[in-house]
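The values are calculated or read from the model by the stated rules, or taken from the named source; none is laboratory data. In this text, all values refer to a predicted model and were calculated from it rather than measured experimentally. As a convention, Cβ positions derive from the backbone with ideal geometry for all residues, glycine included, and neighbour counts pool all protein chains shown. All accessible areas refer to the heavy atoms of the entire protein, side chains included, with ligands and DNA or RNA removed. Shrake-Rupley method; radii C 1.70, N 1.55, O 1.52, S 1.80 Å.
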Amino acid sequence: MKLKLLSGLLLLSCSSVQAAWWVEPTDLPLRADIQLLSDTGVIVQPITTYPLMWDGIKQDMDKADQNALSSLQRDAFERVTRAYEHGHRGMSSKIELAGGSDTTRFIGFGQDYRDKAEAAVSAEVTKDWFSGRLAASYHYDPIDGNSTRLDNSFAAVMLGNWIVSAGAQQKYWGPGWDSGLIQTTNARPMPGMTFSRNNSQAFETPWLNWIGPWTFTTSFSQMESDRYVPDAKHWGARGTLRPISQLEVGFSWTMQWGGEGYGNSLSDWWDGLFNGGMSEGEVTNGQENMLAGYDFRWSDTAFGIPYGIYYERIHEDYHNGKNKLINSANMGGVDFFLADINTRIFVEYSDTQVACGIDSNAYNCLYEHGFYKNGYRYYGKSLGSTYDNDATTLVIGGITQIGGGQNISNKFRYLRLNTDGTDTANPEGGNPVSPGEYERVYQFDTSYHRPFYQGTLKVGGTVGYSQYVTSGGNDWDTTIYAGWERSF
């Protein structure tokens, strides 16, 4: 079914940097430009849910008085406008090549590459009511063993102010610059169907107008067949609102349910939403695995410096008796824009040490599950934090626009991975980032982009030092990579 749909798309078209109707979570400097325009009041739509719909952003930018913008605002405005125009061509195609000395260990927002070597081609078509892309890629020595993929392929139709899409689309939820807790690009995109609001304009009725611009997206996806419960289903929903220009609030909810041998209908999904959290023996369809929580970002300007304060809290469980969410992971940070060096600086801390039992020091809980024994992971990678469970992390980063289409992104990471040094008893689960090992990591990560041969050249690498607390010893690790892409 999926292959027939994508084959039909290929017949319609002969990818741009961004899909025509939305911004994808693949370009960190573009996200920084959008954030600058949001912090300074040019964009008033919620912007912490990716795919991020272009319609509301373009509407806000069309209302802006460009003569009143500072030179740096105007530069960001022009870069965002170029990205919009580039993505709104009727037909386009794209080639991408990338290779590195090793696979990427930590996959953050807009990561340049994933496997040791990758080659991808795509073709895209966009009409007023339809948008679609066929993307095919080959991966050498892939992390998950799948050399050929159709990731990032989709077909979408516009129904009023809603977009219905089918395919494997990358999603990123929350305000974090480096990673998040419930839905990130750490894992490959799952195939499924998504229903999203296009323009996030506020309600017209005064009863609801006070919540301001708002977004909503929900998706039904299928997980891989090679897992403890084959073909398990995944559902996710997220809503955001912006009641005042400085504040954006988001609410997220996900659930694993069904799978081979279990109920996979919509009625089973509906029952799962209310049966989740009960013991496995009380639920005839198995035990659903839920995560839910909220996040916010406060943005403003102080002493002429645009800044943001953000926080995300995601809960692993719901207590039926107390009717409350319990067992939480946390992430928070601050960011600010320094005009003198045209750089967005961020400082981000996260803690995924979640204890679900009596012992508050015994973790192995977040992203794990007793019934879906592979946990909240897809092909072995967490759908949430790139550092998986039982980790505390501090990341200091900077995103700099150099000019002439050039930009550079740098991160320094101090990580405490798998801090209890153990894993869940389920052999199918367990922390895949540092299995059975409490590891301290100090890492510098850099990425540089520039125009090159009518495309974009991407080069970068990492230098890291690890201390293995559980087993003893230490190690240095260095990677380098290069990539090039061109759109036609």
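Structure summary
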quantity	calculated
Filtered residue count, the range 433-447, keeping only those that are under 23 Å from the mean Cα position of the chain (by Cα) and among the hydroxyl-bearing types (Ser, Thr, Tyr)	3
Test result for VAL463, open to solvent by 60 Å² or more (accessible area, probe 1.4 Å) and at pLDDT 95 or above	yes
Residue within the range 214-231 that is open to solvent by 40 Å² or more (accessible area, probe 1.4 Å), under 19 Å from the mean Cα position of the chain (by Cα) and closer than 18 Å to PRO25 by Cα present	yes
Only one of VAL395, VAL433, VAL441 that is touching an Asp or Glu at 6+ places or on another chain (Cβ under 7 Å), open to solvent by less than 40 Å² (accessible area, probe 1.4 Å), hydrophobic (A, V, I, L, M, F, W, C) and part of a strand (DSSP E or B)	VAL395
Number of the exception - LEU415 against (1) out of contact with any strand residue (DSSP E or B) (no Cβ under 6 Å at 6 or more places or on another chain); (2) open to solvent by less than 30 Å² (accessible area, probe 1.4 Å)	(1)
Matching entry among TRP177, TRP235 (being farther than 20 Å from GLN45 by Cα, under 19 Å from the mean Cα position of the chain (by Cα) and aromatic (Phe, Trp, Tyr))	TRP235
Selection within the range 79-113 - open to solvent by 50 Å² or more (accessible area, probe 1.4 Å) and among the polar types (S, T, N, Q)	SER101, GLN111
All strands (runs of 3 or more DSSP E) inside the range 114-188 with 1 or more residues being open to solvent by less than 10 Å² (accessible area, probe 1.4 Å), among the hydroxyl-bearing types (Ser, Thr, Tyr) and more than 16 Å from ILE95 (Cβ to Cβ)	130-140, 162-168
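Table: residues versus (1) in a loop (DSSP other than H, G, I, E, B); (2) open to solvent by 20 Å² or more (accessible area, probe 1.4 Å); (3) aliphatic (A, V, I, L, M).
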| residue | (1), (2), (3) |
| --- | --- |
| VAL334 | no, yes, yes |
| PHE346 | no, no, no |
| GLY384 | yes, no, no |
| TYR387 | yes, no, no |
| GLN401 | no, yes, no |
| ILE408 | no, yes, yes |
